[in-house]
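Note sheet for the following structure.
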Amino acid sequence: MHNEHWVFGYGSLIFRVDFPYIKKQPASITGWSRRFWQGSHDHRGLPHAPGRVVTLVESSGEQCAGMAYLVKEHVFEHLDHREKNGYRRVDTALLFDDGNQRQGTVYIAEVDNHAFLGDASLDEIAAHIVASSGPSGHNIDYLLELDVALKQLGIDDAHVSQLAQLARDINTEDK
Ligand code: SIN
């Protein structure tokens, strides 16, 4: 159908699905890794105290697994608004878990966007996440919900699971 389109989610689009879709299917894209390198001024942080959320960074040969949704074209208006803090739409090849391939769209916050924070040690990123919150909730909830959602999909992402463990440890120490 010409007005139906696949969109690939690798972060909050996996665990917070606030848009209508026709169907969803686990999929992956090649050449990218999921990293908590993007600042969030509008969802999990504030303009003067951004939180940290995921973007994709170019990683030759790596695969990033997530969830693909078949949506009507109008859904992109909502998604563009939701992902407005530095993300742009990028065309990508999707490899579905059943072996089929399709073209789709993924939202990526690239290194030159105004909210990009970039790399830091896992300890620093975890501490930053534990300390942040914004209009969509606590930043740690984004991290832990993503960690759970990836595990439920059978996706092993060391960056996310190590950060989740570090953040839980900091939270426990603080009590
Ligand atoms: C995505 O989930 O695909 C984009 C990043 C995010 O909104 O967390």
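The values are calculated or read from the model by the stated rules, or taken from the named source; none is laboratory data. Note that this is a predicted model, so its numbers are computed, not measured. Cβ coordinates were reconstructed from backbone atoms using ideal geometry, including for glycine residues, and neighbour counts include every protein chain displayed. Remember, those area values only see protein heavy atoms, side chains included, never the ligands or the DNA or RNA. Shrake-Rupley method; radii C 1.70, N 1.55, O 1.52, S 1.80 Å.
Mind checking the dipole of the stretch 9-73: about its Cα centre, +1 per Lys or Arg Cβ, -1 per Asp or Glu Cβ, Debye to the nearest 20?
My answer is approximately 200 debye.
Compute the Cα gyration tensor for the stretch 48-97, then decide on rounded, prolate or oblate, letting a ≥ b ≥ c be the square roots of its eigenvalues: rounded whenever a/c is under 1.5, prolate when a/b is larger than b/c in the other cases, and oblate in all that remain.
oblate
Taking the simple approach of a point 7 Å from Cα along Cα-to-Cβ for both residue 63 and residue 77, what is their distance in nm?
The two pseudo-label positions are separated by 3.7 nm.
Where is the GNM fluctuation largest for the chain (alpha-carbon springs, 10 angstrom cutoff): 48, 114, 78?
Judging by the Gaussian network model, the answer is 48.
Build a GNM of the chain with springs between Cα atoms under 10 Å: which of 133, 28, 12 gets the top mean-square fluctuation?
Maximum fluctuation in the GNM of the chain, among the listed residues, is at 12.
Any idea what the dipole of the chain comes to, in debye rounded to 20, about its Cα centre with Lys/Arg Cβ at +1 and Asp/Glu Cβ at -1?
380
Does the stretch 1-113 come out rounded, prolate or oblate by the C-alpha gyration tensor, with a ≥ b ≥ c the root eigenvalues, rounded set by a/c under 1.5 and, if not, prolate when a/b is larger than b/c and oblate if not?
Because a/c hits 1.5 or more and a/b fails to exceed b/c, the stretch 1-113 counts as oblate.
Within the stretch 124-142, list the residues whose amide N lies under 18 Å from a label point set 7 Å along Cα→Cβ of residue 18.
Output list for this probe position: 133-142.
Ignoring ligands, DNA and RNA, please state the percent of accessible area on the stretch 1-42 from carbon and sulfur, probe 1.4 Å.
So the carbon and sulfur contribution to the accessible surface is 53 percent.
Among 144, 128, 92, pick out the residue whose Cα is farthest towards the positive end of the charge dipole of the stretch 67-175, where Lys and Arg carry +1 and Asp and Glu carry -1 on C-beta, about the Cα centre.
Going by the charge dipole, the pick is 92.
I'd like the carbon and sulfur percentage of the solvent accessible area for the stretch 55-160, probe radius 1.4 Å, heavy atoms only, ligands and nucleic acids excluded.
47
Loop only by DSSP, 13 or fewer other Cβ within 10 Å of the Cβ. Give me the GluC sites (Glu not before Pro) in the stretch 68-122 that pass, ordered by residue number.
73
Using a Gaussian network model on the chain with a 10 Å cutoff between Cα atoms, which of 51, 86, 61 fluctuates the most?
Highest fluctuation of the listed residues: 61.
Between rounded, prolate and oblate, where does the stretch 114-175 land on the alpha carbon gyration tensor, with a ≥ b ≥ c its root eigenvalues, rounded for a/c under 1.5, else prolate if a/b exceeds b/c?
Rounded, because the longest to shortest axis ratio a/c is under 1.5.
Leaving out ligands and nucleic acids, note down the accessible area per residue over the chain with a 1.4 angstrom probe, in whole Å².
50
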